[in-house]
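Before any comments, here is the structure.
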Amino acid sequence: MSSQHSNFIKKTYHNTLVTLKWMMFGAVSGVLVGTVSSYFAKAISLATAFRTSHPYILFLLPLAGVFIVFFYAVLGAKTPKGTNLVLEAIHNGQRVPLRMTPLIIVSTVVTHLFGGSAGREGAALQVGGSLGNALGRLLRFSEKDRRRTIMCGMSASFSALFGTPLAATIMPIEVSTVGIMYYSALAPCAIAALTARKIADIINPGSETTMVLSDVIEFSWETGAYTILFAVLCSLVAILFCTTLHETKKFAKNAVKNSYLRAVLTGALVIVMTLIVGSQVYNGAGSDIIAACINNPGFQIVPYAFLLKILFTAVTLSGGFQGGEIVPSLFIGATFGHAIAGICHISPMMGAALGAVFVFCGVTNCPVASILIGFELFGFGMSSYVLLGVAVTYLFSGNYSLYGSQKIRFNKYEPELIDRNSQ
């Protein structure tokens, strides 16, 4: 046997073992992270239902903020970085502390229970990254494998919570660095996402989030032009959300140095804003509003609802309350699209669906994951609109992002290396 043939056999054998190792890891992480995330989703649902039945619990939001700050301090995380910590770990191969899992789960449930405006899927990236990293260490994976273990956990958690395994597979390998995708993590992330989704179906049956539209207008040159206009407007909304979120956090931190006092003041401000609005539409994640915009032809909401959600979410998260920004971004996009759909000659329901996808793309810089979310949530009938709109939104949203630690590796407009953090 020639040495070349022998080396080929050895290399094939090695690659097969590596592939099997990562496929097994994807399955195991899917079961573990999917189970934890599914019960996390159940806890969020119970907290939201309790708050809806007992709306006056909102007045305890400042005390809930104090508890969250104290809880983080007790577990040694006085300056929580949230999802940015996970992205930094992917960039630098650092560990994601296991304590992030109880921290983000408890604090997010408390935030939802008492009426803070935040999501849950952003928290999923933190839970998944923490558990994926811990599982890799338990199984004695090497440090160079850490990126993939974190990404597997993120895929599993996102899939279990959001019910979109295709997008959950791609988002972790796309979100950390704009212009680079870690394809070596594709297979284990896919297995983790699909496994976690099956686990979620068992623990939370009937949690399917698909909202397929049946009255999609046929794509044409005219509707394509309106889609481009619509996507540009959604890009501006995405930039507004990211900028407001970052600047509000910065202002709150500089204006009120004491984190406990900051939590009390921002919690009180959310209460005042809720009383002014006259309802709790903008508290919590707002998934019911997203569904109503897309599924209910007769649904009505004020045309500036997206601005109120931006304000409520920015104030909540600037005070130390925890949760995700992804569902709020879908709320913002859906209500904005619902409001301006007539200008773009589409139905309010179709405008809401497209707005949710486009704003999600603008705030995450994840065009492939955004396209897949559009297909999984709203069906393939809007594929032409989703594809064109996401491409335009990705370009016009610039270097803005929800996550300050997201790396913009390559210029969106020219084939050049820039290697800078997002804005």
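The values are calculated or read from the model by the stated rules, or taken from the named source; none is laboratory data. These numbers were taken from a predicted model, which means no experiment stands behind them. In this analysis, Cβ positions are derived from the backbone assuming ideal geometry, glycine residues included, and neighbour counts consider all displayed protein chains.
Before moving on, here are some points about what is shown:
- Boolean, ALA225 is at pLDDT 90 or above, in a helix (DSSP H, G or I) and farther than 24 Å from LEU113 by Cα: yes
- Flag if VAL69 is modelled with pLDDT under 95, assigned to a helix (DSSP H, G or I) and within 29 Å of ALA168 (Cβ to Cβ): no
- For the residues MET100, MET151, the requirement of being aliphatic (A, V, I, L, M), outside the structural domain of LEU317 (by TED's automatic domain parsing), modelled with pLDDT of 85 or more and over 19 Å from ARG262 (Cβ atoms) singles out MET151.
- Listed by position, the helices (runs of 4 or more DSSP H) contained in the stretch 300-413 that have at least 2 residues being within 15 Å of the chain's Cα centre (by Cα) and surrounded by 24 or more Cβ atoms within 10 Å (Cβ to Cβ) are 305-318, 326-340, 348-364, 367-378.
- Considering the conditions (1) assigned to a loop (DSSP other than H, G, I, E, B); (2) in the same structural domain as ALA356 (by TED's automatic domain parsing), VAL216 is excluded by exactly one of them, (2).
- Among residues of the stretch 168-203, those that are over 18 Å from TYR403 (Cα atoms) and in a helix (DSSP H, G or I), counted: 22
- Exactly one residue out of LYS42, LYS78 is modelled with pLDDT under 90 and either within 18 Å of GLU325 (Cα to Cα) or exposed (fewer than 15 other Cβ atoms within 10 Å of the Cβ) (or both), and it is LYS78.
- Residues that are closer than 17 Å to GLY324 by Cα and either without any contact (Cβ under 8 Å) to a residue 12 or more places away in the chain or touching a Leu at 6+ places or on another chain (Cβ under 6 Å) (or both), drawn from the stretch 271-293: TYR282, ASP288, ILE290
- Qualifying residue in the stretch 361-370 (condition: in contact with an Asp or Glu (Cβ under 9 Å, 6 or more places away or on another chain) and within 30 Å of PHE114 (Cβ to Cβ)): yes
- Which listed residue, of ALA200, ALA168, ALA185, is at pLDDT 90 or above, more than 15 Å from the chain's Cα centre (by Cα) and not β-branched (Val, Ile, Thr): ALA200
- Summed over the stretch 295-313, residues that are modelled with pLDDT under 90 and either within 23 Å of HIS112 (Cα to Cα) or not assigned by TED's automatic domain parsing to the domain that holds MET350 (or both) total 0.
- Hits in the stretch 113-149 (condition: in contact with a strand residue (DSSP E or B) (Cβ under 9 Å, 6 or more places away or on another chain) and either among the basic types (Lys, Arg) or part of a helix (DSSP H, G or I) (or both)): ARG120, GLU121, GLY122, ALA123, ALA124, LEU125, GLN126
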